1. Given H placed 1.01 Å from N in the peptide plane, which residues other than close sequence neighbours of Thr22 have an amide H under 5 Å from its amide H?
2. What angle, in degrees between 0 and 90 and rounded to the nearest 10, separates the Cα long axis of helix 364-373 from the longest principal axis of the Cα atoms of the chain?
3. Setting aside same-chain residues fewer than 8 positions from Lys623, which aspartates and glutamates have a Cα under 12 Å from its Cα?
4. State to the nearest 20 debye the size of the charge dipole of the chain about its Cα centre, where the only charges are +1 on K and R beta carbons and -1 on D and E beta carbons.
5. Can you tell me the orientation of helix 529-553 relative to the chain, as the angle in degrees between its alpha-carbon axis and the longest Cα principal axis, to the nearest 10?
6. Gain in length, Arg174 to Leu209, computed as 0.36 nm per residue apart minus the alpha-carbon separation, to one decimal in nm?
7. Would you pull out the residues with amide H under 5 Å of Asp104's amide H, same chain only if 5 or more places away, H placed 1.01 Å from N?
8. Could you tell me which residue out of Ile219, Val102, Ile187 lies farthest along the dipole of the chain toward its positive end? Charges go on the beta carbon: Lys and Arg +1, Asp and Glu -1, centred on the Cα centre.
Amino acid sequence: MSGDPLVVFTPSGKRGTFPVGTPVLTAARQLGVDLDSVCGGRGICSKCQITPSYGEFSKHGVTAHQDALSEWNSVEQRYDDKRGLKEGRRLGCQATIQGDIVIDVPEESQVHKQVIRKAASARAITMDPATKLYFIEVAEPDMHTPTGDLERVSRALKEQWDIDNVRADLNILRKLQPTLRKGKWQISVALYQGHNEDHARILDVWPGLYEGGLYGLAIDLGSTTVAAHLCDLVTGEVKASSGLMNPQIRFGEDLMSRVSYVMMNPGGDVEMTTAVRTAINGLTEAIATEAEVDPNTIFETVFVCNPVMHHLLLGIDPVELGQAPFALATSESMSLNACDMDLHAMNDNARVYILPCIAGHVGADAAAVALSEQPGKSDDLVLVVDVGTNAEILLGDKDRVLACSSPTGPAFEGAQISSGQRAAPGAIERLEINPETKEPRFRVIGSDIWSDEEGFDLAIATTGITGICGSGIIEAVAEMRIAGLLDESGLIGSAEQTGTQRAIPEGRTHSYLIHDASEDGGPRITVTQGDIRAIQLAKSALYAGARLLMDERGVDKVDRVVLAGAFGAHISPKHAMVLGMIPDAPLDMVTSAGNAAGTGARIALCNVAARAEIEAMVSEITKVETAIEPKFQEHFVNANAIPHKTDPFPELGKIVTIPNVSFNTGGGDPSTGGRRRRRRG
């Protein structure tokens with residue numbers, strides 16, 4: 001076993017050992033990590049900025065000490081003096097490896113920027129925001145009737161708009177007098193009134209008639225990505241949508257890894273809170289620039305997130321969420337000042353609303369999905385699945401709604417996959433395998449042309465073929481099953497068993513070769529037995545969660561399935577059913593809802609009454625805790641088979657034929673990667 005230091009790169013998850021003194025940039029290039037550099041490692045371009053992380057990372061099996069990288073050198077100091085480096089950043093071409101280390105590659109240092117797929121879905125929303133604009137004419141001061149300017153503004157709002165009980169913070173009072181006089185006693189007022197507040201508060205004032213716009217942010221703070229929609233609070237129009245990787249990934253890809261990091265590293269929760277708030281500030285500035293909107297005109301932000309993200313956003317230690325009984329610090333909605341959360345890239349008086357959590361493992365993101373999809377108003381029994389690193393699942397109709405979360409892990413995001421990557425230009429996102437020839441064809445992000453079609457090479461000349469993302473690996477595994485390359489247990493057959501030389505030996509197991517550009521210095525993209533196992537674990541957790549809710553309702557089937565989130569928009573229902581991700585349902589009754597959590601956040605942003613609605617709705621939802629349900633493990637084990645060990649899946653047979661093949665004749669066990677189990681005794 002090598003005694004060289006172990007280096008783990010996030011968010012890619014790629015790792016390797018390197019001799020002491022190896023530059024980080026060199027290690028990244030040897031592992032195929034997406035780290036930019038154009039100056040030849042001379043410390044001039046700053047494209048190779050990285051963020052080292054120190055502490056104990058149980059998920060990666062790494063304890064990183066402060067001396068794991070070489071000391072700050074004169075080249076980095078010179079660059080920092082001239083252009084500035086963000087706190088904690090190093091130049092990958094200058095920092096050398098001295099010990100085990102976890103290194104995060106920030107988005108701006110990646111050559112192939114991730115495509116944030118949580119775009120805003122079209123939705124008609126009745127506009128009634130908490131923040132509105134009012135034009136008023138204010139009485140001038142009178143020595144014979146001595147009243148303050150704020151009192152006369154309040155009187156004008158009451159007389160002209162029937163708005164009573166108005167308050168203003170000190171910074172508004174400082175601004176009020178000059179604004180009134182500049183506007184010749186005519187001003188525009190941005191007024192916020194929450195759905196459960198008996199008073200209104202002034203957020204900003206302008207002289208005369210203000211026509212600069214009022215804006216709000218709807219933010220879906222996920223474990224892997226942070227997606228934001230900048231909305232016009234007058235019209236409801238989405239002015240821009242943008243997103244970035246959640247920087248907390250470097251502390252752990254899944255939620256429990258992040259909780260574990262906090263347990264093992266005192267102050268780890270503060271690190272993660274600071275990281276995500278800094279990212280949100282940067283995202284706010286970026287989306288405002290994209291939409292050509294003044295950040296000072298952003299007056300509200302609505303957040304939806306899972307419970308661990310909820311606590312880390314608020315600066316609350318999430319350790320209690322990592323152990324039974326999974327107690328939340330609070331499950332109720334929250335209305336806060338943005339400045340109290342260090343969110344400074346918007347108006348100084350901006351307000352934050354966070355949707356209520358449903359339970360210790362079922363968060364505000366699930367509440368937002370419920371607000372968007374309204375399962376409690378459905379005449380038929382609907383299963384709503386928001387697929388991600390942590391899946392939120394709702395099952396219900398007019399009689400009753402149930403909810404749970406299921407720990408699917410990061411495999412659906414392309415992590416823990418040998419050739420996996422985040423969704424970025426050049427990543428394989430669609431794939432088909434000919435059942436006769438076993439030959440693949442695929443499409444990559446950034447092109448609509450398939451790999452066997454004319455013009456493909458020209459279309460991908462800029463991006464190349466870089467890896468396979470979450471939707472691509474799901475389709476690959478499902479297509480391998482349809483083509484007879486994979487048996488029910490998940491075992492990949494040999495070349496002799498499958499009839500194709502693309503089935504290549506890899507130790508005691510086999511892999512399927514999708515694309516090989518190694519002769520030209522490009523990647524060799526395969527689906528390994530380990531990849532299959534990672535997808536089996538993820539899809540089994542998702543299916544088991546859905547089955548638990550069905551058990552609670554006493555049903556064996558659902559009338560329809562709604563796939564929400566990035567996967568809902570990018571995975572075909574057929575492949576989801578072949579893989580066994582979802583319970584059996586008629587194919588035409590499996591639909592996509594796009595980013596339902598983000599849509600729920602937009603509804604709560606643009607309609608203040610919807611906040612009261614979701615708070616009432618959450619109180620009526622039955623929570624099912626997968627972590628303590630005995631049948632979860634039974635469903636999980638049965639769901640390891642592809643598509644399923646015990647569920648007949650009759651609807652699946654109407655749309656696709658799956659060969660009855662078995663490659664596990666040599667005693668290999670797919671749950672151990674095809675290795676033989678030893679007998680005891």
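1. The answer is Ile97.
2. The two axes meet at around 90 degrees.
3. Hits, sequence-local ones excluded: Glu392, Glu552.
4. Values: 63 positive and 89 negative charges, 281 e Å.
Rounded to the nearest 20 debye, it is 1360 debye.
5. With both axes taken from Cα atoms, the answer is about 60 degrees.
6. Working: separation 35, 0.36 × 35 = 12.60 nm, distance 2.00 nm.
Net length gain for the segment: 10.6 nm.
7. Residues meeting the criterion, in which the H sits 1.01 Å from N, are Thr10, Thr51, Ser53.
8. Sorting the options by dipole projection puts first Val102.
The values are calculated or read from the model by the stated rules, or taken from the named source; none is laboratory data. Computed from a prediction, not measured in an experiment: that's the story for all the values here. Neighbour counts run over all protein chains shown; Cβ positions are idealised from the backbone, glycine included. These area figures cover heavy atoms from the full protein model, side chains too; ligands, DNA and RNA do not enter into them. Shrake-Rupley method; radii C 1.70, N 1.55, O 1.52, S 1.80 Å.
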